[in-house]
Each structure stands twice: as structure tokens, then as C-alpha cells.
4 protein chains.
Amino acid sequence: MDLGLSGRSAILMASSRGLGRACAESLAREGVHVVINGRTDADVNQACDELAGSHGVNATPVVGDATTSAVHDALLEACQRPDIVLLNGGGPPPTAFDDIDAAMWKDTLQATMVSPLLFVQRVIGGMQERRFGRIVAISSAMVKSPSPIMSMSHGPRLGLTGVLKGLSKSAVAHNVTINTMLPERFDTGRQEQMAHVVMKARGVTYEEARAQQVASINAGRLGRPSEFGDTFAFLCSAQAGYMSGQAIQLDGGSYVGLF
Amino acid sequence: MDLGLSGRSAILMASSRGLGRACAESLAREGVHVVINGRTDADVNQACDELAGSHGVNATPVVGDATTSAVHDALLEACQRPDIVLLNGGGPPPTAFDDIDAAMWKDTLQATMVSPLLFVQRVIGGMQERRFGRIVAISSAMVKSPSPIMSMSHGPRLGLTGVLKGLSKSAVAHNVTINTMLPERFDTGRQEQMAHVVMKARGVTYEEARAQQVASINAGRLGRPSEFGDTFAFLCSAQAGYMSGQAIQLDGGSYVGLF
Amino acid sequence: MDLGLSGRSAILMASSRGLGRACAESLAREGVHVVINGRTDADVNQACDELAGSHGVNATPVVGDATTSAVHDALLEACQRPDIVLLNGGGPPPTAFDDIDAAMWKDTLQATMVSPLLFVQRVIGGMQERRFGRIVAISSAMVKSPSPIMSMSHGPRLGLTGVLKGLSKSAVAHNVTINTMLPERFDTGRQEQMAHVVMKARGVTYEEARAQQVASINAGRLGRPSEFGDTFAFLCSAQAGYMSGQAIQLDGGSYVGLF
Amino acid sequence: MDLGLSGRSAILMASSRGLGRACAESLAREGVHVVINGRTDADVNQACDELAGSHGVNATPVVGDATTSAVHDALLEACQRPDIVLLNGGGPPPTAFDDIDAAMWKDTLQATMVSPLLFVQRVIGGMQERRFGRIVAISSAMVKSPSPIMSMSHGPRLGLTGVLKGLSKSAVAHNVTINTMLPERFDTGRQEQMAHVVMKARGVTYEEARAQQVASINAGRLGRPSEFGDTFAFLCSAQAGYMSGQAIQLDGGSYVGLF
């Protein structure tokens, strides 16, 4: 299927590893020039080399924390007229609700909600003028089924989802779509890290912790990053212009709710 | 993007025209052999000729009303081991709630809810054994925003959506996904027909009725059937196996609700 | 709190026992005259005696299956101008999806969805003219989290919920509200019956089956019927006229979804 | 209906006027001692005098901005063991998304989301120990149907709703419920203020602006604050202990979505 994206340009936050990297891979395969971002020099450069080498697209590295305005500047310098933007970033560690103080709330809200919205402000006008834009935020399945231990994650993410939904209603008239992806348990470093958290918290082995992750998914397996990346690429496609304001769950069919 | 579907087989109800036809087109383009169904001999045969001619796949005609068990038999004779099933059919006419009698409820429930479920019973076991299946139902955006005048449509469709959601939870463990698509206002014969309903009901011209349709969509245009077909094809893809139980809205970003 | 209901009249389907009976109790306590319905003569008469005796209201018995038009006639003969209607009825037994045939679908749809809608047709016009009406349907928490084994229950119930939601949008302008209640695991005969189903299916004792029911509820207990009845009474109150089209979950805080 | 609240104690933020005041009125009528809060000395004292005078309960004034920790301290000094807490506060003004800068986000998140959560941290443990608690947040119908011009309101409110939903899952085991109320267009000073915003923005008269408000509500009227207060009182009742994690819409039946 031709996604109609060849020659387009994308800025992808936190794309040197994990789900972000898979998104970059799927876009590059479709001929999209990509700006790759991550906190580690070596990771970012390696990702760029591999993507440019495999797919013959431009892959520009921007090293740094994508929640800062300095990195926002650098991303927009690397790609002044992005057609596609991936809003992505690390999540905060599981924390008991009682242990979250004002400063922790402020930091997680800034990183997970405010910072992506400030970046959207900088790109959405141009996308609307050029009559093409695809903004996709990687959120979490938890925004639809909140768990107290992850309050610092789903609180800000829900705020982000809501503001983006509002924006999507006016942007779509200009062929700018805004969608959210809600992953649950993909086979990335994040799940390995969560397994170690569970090992400590429950006194189980790594294998048991991983087996519990699999058991929590109706599909009976973790998701493959490439499945995520290809869904992202489809949401960015030319033919996805009539689909906006959606929250797409990629969770192995695990969400219990009807909608 | 390679959807990994080449050589697969699909049964598509009500696929000689409109959204069903667009779904068949997108699948055939990916190398899927298709069973085409519709009520009119000429339409079905023409669709088969065109699909086979353009894409070099087998396109088998089954003429008749897909809400009947006789046509279910014929569909399964034409394709005994379907990998993909599209549940689709015409919708009932707009009818005031007070005018719906017991017989009309019975008929619309049989056609729109019971009949597709009986067909699913006949295919889901085999799909699970073969460890590949994609079942997609075309429903309506109205199931999430019901309007009294369309009670005969959204009532049965909601029932269908709910039963399929339940089923999806167990089927996904066998790589059988079940998703629903919720279109609103695609540029097909259905919207032309609805425009004529509105012309009579409100005493407006055809152009005014069509303009009202466009004005009701945030995207400022009707959807293109090919956009629908390609989204359907993506849901059927090999890489969409981690995505199930979803209700995907294709409505030009018009749904007001967050989820 | 004065619910402003003294002297009002209510028709309550399936109200001689269980949740329906609790609804009748709460209304009668507020001075509402009630029509009590059930399939067993003795139960219905006993309920009427007790309600009239305790609360000094008129309690009129109508014995019979409230899914039939004959009983609809009798209910409306007993109360020609109802201010309040409770739509309620027994649920079908848990049944594997593959075992549901066309006749079973037809029966459960007739009983659980079509019959209540036909009754609503007969009362809603008068309520709107008199500018007061409260229609409440007892559904199930499962409509928002469908399980395949209960397809025959949640399928029709979702259809009903959707049609009522549509109707609620126009009825509220006439001070007629339509709401749905979604109970999960109240301490009634229904849960005892479900415990016996589980005993057979899983080979556990009655105590174990009951303990599993409690364990499935975040509140750590089953609901009390009087809690249900009082919530119903509040939804019927004069001051609840601005609240319509809602699906109220009474499930001990168990639903995982945000909305 | 006896709500079982006589002798209980409540802290009500922003309760000297509007919806908060109506909540205080309904609780005081049920014999609940109340802590009244607002920014204006005269308003708060007058509310206390009236509530104590009419209902014979203790009504304690706490003047100040309830988003500050100093006022949190004062509220908890006035009532050390609250049974009921109302989370409430003013909303930010309508603001175009492009005009919201980092400082404005920080302020609205602090006031509307973080501050109430910090207060919940201070009361929820005691409620759980004492095995009775009712926490209710006044949010906005907009959290389920976001509009870009109100991003500063629904963004933080959604975050708050999500975190509270998560918390509700564990708290309900201790008879502590947490619910959210989603009002739309009640006849308070807020709507008068919004009418003036609309007058300027669209160049209409006050009467036209008010008529537009009414026209946006399916009920054909604005809500009465006492309807809101009584619903709040019911959510706080002893018999509402099985109902938690719910988002109750009080919007004159206007929400278009099914759930």
C-alpha cells in the first residue's frame, strides 16, 4: 500500500530507541526524511546512520531532552517545515500517590503535557497553511484505565490527550490530523525496566515478571515495535486525512471497555 | 507498506458498491482473493471483472441478500477458509421512533445484528485453528452518538458492536482480531440517498442538502471511499494483529467525545 | 431530602423481588403509588401488601411476564398516566457464543430490547404532554465491559441503551428524563443463581463461588439492594430533571475505564 | 429520603457562591457541619450565617484562595477529620490555544489539578482509617467534549479526573468514594460572565448571549444550582457507598455520546 508520504519530512521526539525508533523506521521505509532525537549521542547517530543507510532518506540527529525549549529549537532548525510530528517521551517511574509532592507534579506535567503542547503551537500553524499535517502523540493505554501507582504518568497524559482532542476539531479542516496512540506492553526496554521494578516489588524472578506481563495481555504475547511503527505510519499516511481525534489502542485486545 | 496479505482470501458482504466495494478494491490491490457480494447480478459481476482484471486476483461473485442463511452458505462455498471477513449491509431508512413496530424491530435486528453474528459463528472457529483471522464490521458513527430518527440503525448496530467486542477478548489469543469501523458521511450512493430524504423532509434543494452534509463534518468535506478501503486493509494486515476490539471512527474528525 | 415525588405514580416491571423490589420500596417510601409486577401471584401480592402497609400508598398487583403486550396492557390499565417507569426483567443464562442459535437471539432481543421499547412508545408521549416523566432501565455493568459468555445479555441491553440514549435527547426538553442503571453484583437471588452456575462450571463450593463474587468487586462486598433502590429514587426525583441520558454504574467502584 | 449524613463534617472549597454554595446548602439541610470557603470575607461570612441560621449546623468560615497550601492548612484546622470534601474552584478564562504560554499552563495546572490532588493526599488516609469518606470534584462537561478555546480548563481537569479515577479503585474498599460531577450551563454568576465574553466576541446583546446558552442545552433551560447541590448531597450519602469512580453529567441531557 502506497502511503503517499515519499519526500515528506518528520520530526520524531525520543526516536533513537523503542517505540519511537520503530515509528522512524516505518516512516523512513516510506521515503520520509526524518529528524531523530534522543538523549544519547551514540544512539541517535547510530539510528540516523541505519535509517539513512537502509532507506536512502535524510536522517538528521538532534541530541538532547525533547522536553526543553532548546531542543525544540534544534528540532525546528533541523526541519523547518515538518509534515509529521511524533510527540513522545519517557514516562515517570511508578510512584505511590501519597509520595508525589508538588515539585514532582510540576516536573511531570511540564515534561509530559506542557512541553509537547508548546511544540504543537510552533508547528500547527504552518501545517494548516500548507494543508498537510500529521501530529501523533504516544500516550499510554492507562489513560483509559488509570491505576493509582501510575498517577504521574496518566494524569499529564490525559491532560495532553484532552487538549489535543480539542485542537483536532479545528485542525482537520486544514488537512491536519491529530491522533493519539495508546500502547500497552510492547517488547521494548521499557517493559524490561518495568520487569525489574516488579521483581523488587513482588520478589519474583525476571522470568516470572516477564510472564506476568504476557499474562496481562489478551493476545498472549507482547506487541512487536514494528507493529506499532506501521500503525503510526498508517496514521501519518495521505489516506488517513479523514481520521482525526482518535485514540487508537494497541494493547493486544486487552482493554475491557466497549469504547 | 507491505501488509503481508498476498494470497489471503476474503469474504466481503455487500461489496459490489460503496464502502464495501472500496474495501474489496484495497484488498485486491494487496493480492487478496475476494468473494464479492451484492443484490444485483450486473453490479457483482462487473465488480469481479474489474477487480480480477486490475489486480490479478480471484474474484468470485455471490449474488443475493447477505442477511440470509442461503447466501451465507453460498459465501462459504465460494471460500471455505476465509482469512478475512467484512460484515456489511445496507442500513434501514430514517424512521421516527414512534413509527417503529414490533415487526420492523424484528427485521432490522435480524438483518443488522443477528445475521452477521450467525455468520461469525461459522468462520471464527476455523480462523482460530489456522491462527489467522481478521473480522471487520462496518457500523456507523451513530453508535457513539445516537439520534432518535436512526434508532432502527444504531440499536442493532450497538448490539452487534457489543457482542463482537466481547468475542474479541478471547479470539485475539489465536491471532484473530475483530474490529468495527464507524464511518460518517462518505461520498457514496448512501449519502446521495440521504440527501433526497432531507430534500423532502426539509424542502431544500439537492445542492443545499449536500452542502448540509459537508457542513456537518469538521473536515469540511465528505470522506473518499478509498480512504475507507485503505483503513480497512490496514486493519486486515498481518501487522495489525495486536489491535483488536477497537471501534475506529472515520468521520472527518467530527466526533465530539474524548473517547 | 424531599424528592418531590409524593402522590406520583409508577409502573415497575419485575418488581416483586430483587432490585426491582428495592426500587419499589424506595419509591413507596417517598409516597409514590406503585404498580408491582412479577410472574408469581404470591410474590406480587405479598409485595403489594407490604408496600401499602408500610408506606400508605396504593400498590397495585399485575401478575405476568412483562415482556408481553398483554401484560403491557394490564400495566397501563392499572396506571393510565404513569409519571415513572422502571424497565426491568430477568437476564438470559450465561451461554457460550457458539451455542446461541437464531431462535435464541430472537427471543432474547424481543424480551430484553424490543419489548421495553414498545412499552416506552406507549408512555413517552403522555409524559411529554404532562411535562413530567422519569424512565429508568436496569441494564448491566457488562454493557460497558462485554464478556463473550454473556452475549445474549449485553447484546440486547446495549441496543436498548443506545436507543434510549437517542430518545433522551429530545425527551428532556419536556422534563422527561431517560437514564440507565448498570449494576454489578448486588446481593439478590440473581447472584445466588450465578453462584450455582459457577459451582457447576468450575467445581467449587458455594462459599468459594460467593467469595469469588466478592473478590471481583473493588468495594470488597456485594451491593445492597436498598443502595440501588435509593439511587433509582434519586434519578426519579423532581430535582433530577437536568440529568438525562446517563448510564450510572453501581458496581462498587469496579469499572476500570475512565468514562 | 434520609441520606444518613446528620452530624457528618464537610470541607467545601469555593462554596460561598454558585455551585459550591448550592452544595453547602444541600449538605447543611441534611445536618452536615460545613466549612465554607471563598475569596471574599463578606460572602463567606454571609453564607455561614445563613447556613447556620437556617439549618442549625456549624458553619465555619475560611477566607482565601483554596489553591494555596495556606488555605489548605486553614481548612484542615477548621475541620480536622472531614467526612466529605468538595474539590472546587474557578475556571480560567477562555483563551485561544496559541495564546497559552508556559507560565499560564503552569498556573492553571497548579490551581486546577495539582492543588486539589495535594489536598486529597492530606485527607484520604484518615477517611480510609475511619471507613467513611466522600470526595467529589466539580469538573466540567467539557472534559468529555473538549473545545480548543477552553484548553486551559479541560486539560488540567481531565488530568485531575484521571488521577482521581485511579485512586477511586483502591479507596472504595475502605468506604471512601471519589466521584466527579460534570456540569454544563447552570444558572450562576459563571454563565453571566460567559455571556459577557460572548457579547464582546460575537457582538450580540446580553439577551442574545443568554438565549444562545439556553439553546445549547437539550433541556431548553439552564440548570438550577439546587439541582446540582442535591445531586452532590446524594453522592455524599451513606447509601452511595457502592458508587465510585463515576463522572456524572449534569447538562440537561446535552452530551451527544453514548457513554
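Mind checking the angle between helix A:225-236 and chain A's longest principal axis? C-alpha axes, 0 to 90 degrees, to the nearest 10.
Between helix and principal axis, roughly 40 degrees.
Return the Rg/Rh value of the stretch D:104-191, two decimal places, where both radii are evaluated on C-alpha atoms and Rh is the Kirkwood radius.
1.01
Please report C:100, B:36, D:84 as a ranked list, fewest other C-beta atoms within 10 angstrom at the top and most at the bottom.
C:100, D:84, B:36
Over every pair of different alpha-carbon atoms in the stretch C:132-259, take the mean of 1/r and invert it; report that Kirkwood radius in Å.
Result for the stretch C:132-259, one decimal place: 15.8 Å.
Roughly speaking, what is the centre-to-centre gap between the stretch A:66-140 and the stretch C:73-131 when only Cα atoms are used, to the nearest Å?
Cα centres, the stretch A:66-140 to the stretch C:73-131: 50 Å.
Run the simple label-point estimate for residue B:68 and residue A:58 please: 7 Å along Cα→C-beta, distance reported in nm.
Distance between label points: 6.2 nm.
Which FRET efficiency value, to the nearest 0.05, is calculated for residue B:49 and residue B:190 with the Förster distance at 25 angstrom and r the Cβ-Cβ distance?
Working: r = 24 Å, r/R0 = 0.95.
For R0 = 25 Å, the calculated efficiency reads 0.60.
Points 7 angstrom from Cα along the Cβ direction at residue C:202 and residue A:202: gap in nanometres?
The two pseudo-label positions are separated by 1.8 nm.
Is it possible to state the helix-based mean residue ellipticity at 222 nm for chain C, with each DSSP H run of 4+ residues giving -39500 (n - 2.57), the sum divided by total residues, to the nearest 500 deg cm²/dmol? What is it? Walk me through the numbers before you get to the answer.
Working: 9 runs with 118 residues, N = 259.
Roughly -14500 deg cm²/dmol at 222 nm, from the helical runs in chain C.
At 7 angstrom along the Cα-to-beta-carbon line, where would the label on residue B:216 sit relative to the other copies? Give the distances in nm, shortest first.
2.2, 4.0, 4.2
Between chains B and D there is a rotation axis; tell me the chain B residue with the nearest beta carbon and how many whole Å away it sits.
Here the value is B:257, 2.
Give me the angle, in degrees from 0 to 90, between the Cα long axis of helix C:41-55 and the longest principal axis of the Cα atoms of chain C, rounded to the nearest 10.
Between helix and principal axis, roughly 60 degrees.
Divide the volume of the convex hull of the Cα atoms of the stretch A:5-88 by its number of residues and quote the answer in cubic angstrom per residue.
Convex hull volume per residue, Cα atoms: 69 Å³.
Give the angle, between 0 and 90 degrees and rounded to the nearest 10, that separates the Cα long axis of helix A:189-202 from the longest principal axis of the Cα atoms of chain A.
Here the helix axis deviates by roughly 20 degrees.
Please compute the net charge surrounding residue B:38, taking Lys and Arg as +1 and Asp and Glu as -1 over other residues with Cβ under 9 Å from its Cβ.
Computed value for this residue: +1.
For residue D:68, place a label point 7 Å out from Cα along the Cα→Cβ vector, do the same in each other copy, and report the separations in nm, one decimal, smallest first.
Copy-to-copy label distances for residue D:68: 3.4, 7.1, 7.8 nm.
To make sure I understand, if each residue's beta carbon is the centre and we count other beta carbons within 10 Å, what order do C:33, B:196 fall in, fewest to most?
Final ranking by Cβ density, sparse to dense: B:196, C:33.
What is the fewest-to-most order of B:184, A:50 by other Cβ atoms lying within 10 Å of their Cβ? Intermediate results must be reported in sequence, preceding the final value.
On the way: B:184 22, A:50 16.
If I rank by nearby Cβ atoms, fewest first, I get A:50, B:184.
Roughly how many Å is it from the Cα centre of the stretch B:162-186 to that of the stretch A:157-227, as a whole number?
20
Distances in nm, one decimal, shortest first, from residue A:238 to the same residue in every other copy, taking the label point 7 angstrom along Cα→Cβ.
Going from nearest to farthest copy, the values are 2.5, 6.5, 6.9 nm.
May I have the convex hull volume per residue, in Å³, for the Cα set of the protein assembly as shown?
On the way: hull volume 175.1 nm³, N = 1036.
In the protein assembly as shown, the Cα convex hull volume per residue is 169 Å³.
State the percent of C-alpha pairs, over all pairs in chain D, separated by a distance greater than 26 angstrom.
Roughly 38 percent, rounded to a whole number.
Laboratory data are not the source of any read-out in this text; all were calculated from the coordinates shown. Quantities reported herein were computed from a predicted structural model and do not represent experimental measurements. In this analysis, Cβ positions are derived from the backbone assuming ideal geometry, glycine residues included, and neighbour counts consider all displayed protein chains.
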